[in-house]
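Since every read-out is calculated from the coordinates, none of them should be taken as a lab result. Bear in mind the structure is a predicted one, so any value in this text is a computation, not a measurement. Here Cβ is always computed from backbone atoms with ideal geometry, including for glycine, and neighbour counts include all displayed protein chains.
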Amino acid sequence: MIPWLNDNDELPPVQQALTEPNGLLAASENLAPARLLAAYRHGIFPWYSDHQPVLWWSPDPRMVLFPAEFHMPRSLAKRLRRRDYEIRVDHAFAQVMQECAMPRSDDAGTWITEDMIAAYCELHRLGHAHCVETWIEGELAGGLYGVALGRAFYGESMFARAGDASKIAFAHLVKQLARWQFGIIDCQMNTAHLARFGAREIPRTEFSRRLTELVNYPSPAAIWQFENDLF
């Protein structure tokens with residue numbers, strides 16, 4: 001049985017996470033910003049559906065992308081050279097989250113609840129959550145959002161309303177984080193899509209060890225700005 005956390009309870013050590021389902025650690029009633037930040041510092045993230053309590057996870061192994069290992073597919077490199085898009089950063093955070101919450105064509109549900117949108121918008125207001133947006137012909141065509149602590153970025157979700165739009169945002173994110181000397185991008189779960197970009201699994205012990213150092217670096221500005229010569 002997983003622990004139930006009251007408002008002032010600390011999250012358990014990640015070593016106590018279940019192996020089945022992989023990484024389930026605890027449950028709670030709310031998504032207070034302080035608890036969210038404490039969770040991310042220890043490699044723990046929330047993932048749950050409507051009508052469920054907030055479920056906290058730390059899977060083993062962990063899917064990550066090291067910025068230096070980023071692999072650019074040739075088709076995406078060709079798309080970037082067209083330069084028929086605009087990248088904006090931290091411009092429409094709530095809209096990006098709402099787009100990410102829209103049901104996919106193969107899935108009628110979403111794990112990005114209204115409470116989660118409100119919680120991460122508050123993290124954005126506090127300077128910890130960020131989004132990267134691809135705009136095409138004046139419209140938001142794709143993007144992603146996540147949480148940054150020190151030199152660690154925790155990717156949460158992405159969406160695309162036009163071909164390659166989320167990939168374009170992701171490529172710009174990785175390049176900028178490399179320039180800022182970020183050490184890791186947390187991808188949480190293993191997917192073939194992320195593996196295509198060079199993401200791979202590492203043991204949770206290694207992930208936690210790297211976080212211990214990375215989260216203690218000074219963070220970039222509360223509102224991000226990307227350099228113009230990334231590609």
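In the neighborhood of Leu5, defined by Cβ-to-Cβ distances under 13 Å, what is the net charge if each Lys or Arg adds +1 and each Asp or Glu adds -1?
Taking every Cβ under 13 Å from that of Leu5, the sum is -3.
Between Glu201 and Glu114, what is the label-to-label distance in nm when each label sits 7 Å out along the Cα-to-Cβ direction?
Between Glu201 and Glu114, the simple spin-label model gives 3.8 nm.
When a/c is below 1.5 the answer is rounded, else prolate if a/b is larger than b/c, else oblate, so apply that to segment 4-59 with a ≥ b ≥ c taken from the square roots of the Cα gyration tensor eigenvalues.
Oblate shape, in that a/c is at least 1.5 and b/c is the bigger or equal ratio.
Which of the GluC sites (Glu not before Pro) found in segment 68-171 are loop residues per DSSP with 13 or fewer other Cβ atoms within 10 Å of their Cβ?
Glu137
Determine the relative contact order of the chain: mean sequence separation of Cα pairs under 8 Å and six or more apart, normalised by residue count, in whole percent.
24 percent
Please find the FRET efficiency linking Cys121 to Asp9, where r is the Cβ-Cβ separation and R0 is fixed at 22 Å, and quote it to the nearest 0.05.
Approximately 0.35, to the nearest 0.05.
Give the range of the longest stretch in the chain that excludes all trypsin sites (Lys or Arg not before Pro) found in loop regions by DSSP and having at most 16 other beta-carbon atoms within 10 Å.
Free of exposed loop sites, the longest segment is 1-82.
How do Asp7, Asp186, Asp60 line up, fewest other C-beta atoms within 10 Å first?
Exposure proxy ranking, most exposed first: Asp7, Asp60, Asp186.
Based on DSSP H runs of at least 4 residues, each adding -39500 (n - 2.57), what is the mean residue ellipticity at 222 nm of the chain after dividing by all its residues, to the nearest 500 deg cm²/dmol?
-8500 deg cm²/dmol
According to the square roots a ≥ b ≥ c of the eigenvalues of the Cα gyration tensor, what is the shape class of segment 63-214, taking rounded for a/c under 1.5, prolate for a/b larger than b/c otherwise, and oblate for the remainder?
rounded
Mean separation of Cα pairs under 8 Å and 6+ residues apart, divided by the residue count of segment 1-42: what relative contact order is that in percent?
Worked out over segment 1-42, it gives 44 percent.
With +1 on each Lys and Arg Cβ and -1 on each Asp and Glu Cβ, how big is the dipole of the chain about its Cα centre, in debye rounded to the nearest 20?
That gives a dipole near 1080 debye.
Could you give the nm distance between label points at Ala94 and Arg161, where each point is 7 Å from its Cα heading toward the beta carbon?
1.6 nm
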